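Structure, as structure tokens:
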Amino acid sequence: MEEKRAEWSSHISFILATVGSAVGLGNVWRFPYIMGKYGGAVFLFTYLFLIAFICIVPLCAELALGKMSRKDTVSAFSLINPKLKGFGWLCVITVVLISCFYFVVGGWILQYLWLFITNNIPENFSQYFPVFASGTVVPVILTILFLILCAVFPFRGVNKGIEKANNIMMPLLALMLVLLAIYSLTLPGAKEGLEFMFKPDFSKFDSTMVLTALGQALFTLSIGMGAILTYGSYMKKDTKILKSSYTLIGFDTTVSLLSGIMIFPIVFSFGVEPTAGPTLIFISLPEMFSQLPFAQALGALFFILILFAAVTSGISMLETAIASMIENFNLTRKKATVILSVFIALVSIPSVFSFGIMKDFLIFGKTFFDFLDFITSNILLPLNTAIICLVAGWLVKSIKKEAFGEGIISNIFYFLLKTIVPLIFIIVLVAGLI
Ligand code: PHE
């Protein structure tokens with residue numbers, strides 16, 4: 001059944017939706033711990049450079065492909081050349097695979113929010129987390145609950161569901177983030193935290209760090225899987241892509257920085273290693289919260305913030321697949337949402353079990369959860385992004401003006417799109433495999 005092609009009702013709604021997609025666990029969970037691991041400020045400056053001059057290029061290209069085709073990912077690519085249909089599906093598969101581990105973390109967030117709201121704060125999070133995450137029932141139920149929480153919005157439609165969700169959650173997220181960052185700056189470790197973030201130690205500069213920064217930039221901007229293309233397909237005709245892209249990058253980076261400002265002063269106030277890794281927000285931070293004044297409120301606010309970030313990203317993952325399923329399988333929106341959700345729920349189960357009964361079930365030496373993370377972030381994202389650049393640059397004539405406007409900047413970005421940027425992503429891909 002065909003439904004009328006939806007359109008964002010205003011420019012602000014478009015920006016909030018793309019920011020909602022971009023701002024997610026990548027900003028509040030992954031960015032701080034990766035930055036911690038790769039030396040703080042050096043990582044930050046490399047990342048900023050890459051995002052402003054390299055990743056801007058595929059970002060604009062994806063938005064332009066969406067805007068020009070006004071179609072879902074699969075149809076947009078088959079419109080360029082029917083042979084590219086399979087590539088469109090590869091993008092959709094990428095986003096579905098990402099959701100199969102992302103939603104597991106979403107389930108953990110629900111659990112932590114519940115702990116803080118009900119004031120059942122465990123004494124020792126480093127003991128609590130592995131016991132909780134290795135469970136077979138509760139984490140599965142929570143993953144499904146999180147999935148449903150995301151799915152209700154695309155189920156209701158682009159304007160009535162997705163747009164409303166972002167219009168409400170994103171401003172609240174910004175408010176909570178600013179409040180928490182200000183609170184953090186009053187803590188004794190604030191100075192040290194800020195120094196760690198902004199004072200570069202150039203001895204930490206190396207190629208792994210650059211590759212990681214680039215992977216993080218793709219992940220955080222939701223590039224390379226059709227998510228941004230799908231949201232771009234609902235944009236109004238008069239939206240300027242280059243300008244909107246820099247606005248998006250500006251917001252996304254601000255959220256990542258504020259997350260760092262919120263987290264590192266706490267980390268340094270307690271003398272915890274900033275390199276704690278993925279468990280930073282599930283073990284070290286909650287442990288510190290419980291020793292600070294207003295522990296309960298602090299923890300609850302922090303996890304609501306992360307929940308909003310994760311839900312608005314989850315929505316955009318689902319919508320990418322749903323839009324393609326509606327068009328290509330002739331399904332209604334509601335049916336597509338239900339089928340997709342059941343599929344994701346099933347594939348997420350081995351992801352959940354990667355922390356418990358399946359932790360010894362290894363694929364190429366990785367648990368199912370880590371394997372999904374690895375093939376998407378290290379292989380599929382750079383691969384898809386390189387292909388998107390090449391397809392847009394060489395096969396779509398009008399892309400230059402649509403994506404980058406006119407003038408010298410446009411010439412430079414167009415040249416980068418056709419040559420250097422895809423090359424960079426291919427290098428990243430090969431390096432990731434080695
Ligand atoms: N950009 C999101 C984040 O940083 C992740 C995401 C990936 C969202 C793919 C949509 C699609 O958390």
When residues of region 397-408 are filtered for being assigned to a helix (DSSP H, G or I) and either loosely packed, with under 14 Cβ neighbours inside 10 Å or not charged (D, E, K, R) (or both), how many remain?
5
Checking the conditions here, which among Ala174, Ala227 is closer than 26 Å to Thr376 by Cβ, small (Gly, Ala, Ser) and at pLDDT 90 or above?
Ala227
Are any residues in region 210-238 more than 17 Å from Lys67 (Cβ to Cβ) and within 12 Å of the ligand (Cβ to nearest atom), and if so, which ones?
Gly215, Gln216, Ala217, Leu218, Phe219, Thr220, Gly224, Met225
Does region 229-256 hold any residues that are in a helix (DSSP H, G or I) and in contact with a His (Cβ under 7 Å, 6 or more places away or on another chain), and which are they?
none
From the set of residues in region 242-270 that are over 18 Å from Leu180 (Cβ atoms) and without any contact (Cβ under 8 Å) to a residue 24 or more places away in the chain, which is farthest from the chain's Cα centre (by Cα)?
Lys243
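Yes or no, residue by residue, for (1) modelled with pLDDT under 90; (2) within 16 Å of the ligand (Cβ to nearest atom); (3) crowded, with 23+ Cβ neighbours inside 10 Å:
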site	(1), (2), (3)
Phe196	yes, no, no
Lys199	yes, no, no
Ser207	yes, no, no
Lys240	no, no, no
Leu248	no, yes, yes
Quick check on my filter: what residues within region 257-272 are away from the ligand (no atom under 16 Å from the Cβ), assigned to a helix (DSSP H, G or I) and out of contact with any helix residue (DSSP H, G or I) (no Cβ under 6 Å at 6 or more places or on another chain)?
Val267, Ser269
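Across region 7-21, what is the number of residues that are near the ligand (Cβ under 6 Å from one of its atoms) and either over 18 Å from Ile109 (Cα atoms) or free of Cβ contacts under 8 Å to residues at least 40 places away in the same chain (or both)?
0
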Give all pairs with beta carbons closer than 9 Å in which a residue from region 325-338 that is closer than 16 Å to Gly226 by Cβ meets a residue that is modelled with pLDDT of 95 or more and loosely packed, with under 14 Cβ neighbours inside 10 Å; count only pairs at least 6 apart in sequence or on separate chains.
Ile326/Thr332; Ala336/Phe329
Across (1) in a loop (DSSP other than H, G, I, E, B); (2) within 16 Å of the ligand (Cβ to nearest atom); (3) not hydroxyl-bearing (Ser, Thr, Tyr), Leu187 clears everything bar (2)
What residue, among those in region 284-302 that are in a helix (DSSP H, G or I) and among the aliphatic types (A, V, I, L, M), is nearest to the ligand (Cβ to nearest atom)?
Leu285
If you take the residues in region 303-338 that are of a type in the set (Phe, Trp, Tyr) and within 16 Å of the ligand (Cβ to nearest atom), which one is surrounded by the fewest Cβ atoms within 10 Å (Cβ to Cβ)?
Phe303
Go through (1) within 16 Å of the ligand (Cβ to nearest atom); (2) among the aliphatic types (A, V, I, L, M); (3) not in a helix (DSSP H, G or I) and name the single condition Ile121 misses.
(1)
When you go through Ile54, Ile34 one by one, which is the residue that is in contact (Cβ under 8 Å) with a residue 24 or more places away in the chain, among the hydrophobic types (A, V, I, L, M, F, W, C), within 13 Å of the ligand (Cβ to nearest atom) and over 17 Å from Ala174 (Cβ atoms)?
Ile34
Which listed residue, of Ser377, Ser351, is in contact with a Gly (Cβ under 7 Å, 6 or more places away or on another chain) and either of a type in the set (Gly, Ala, Ser) or surrounded by fewer than 20 Cβ atoms within 10 Å (Cβ to Cβ) (or both):
Ser377
Listed by first then second residue, the pairs whose first member lies in region 409-424 and is assigned to a helix (DSSP H, G or I), whose partner is of a type in the set (D, E, K, R), with beta carbons under 7 Å and at least 6 positions apart or on separate chains, are Ser410/Lys400; Tyr414/Lys400
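The values are calculated or read from the model by the stated rules, or taken from the named source; none is laboratory data. Remember, predicted model here, so these are calculated numbers, not experimental data. A quick note on method: Cβ atoms are made from the backbone with ideal geometry, for glycine too, and the neighbour counts reach across all protein chains shown.
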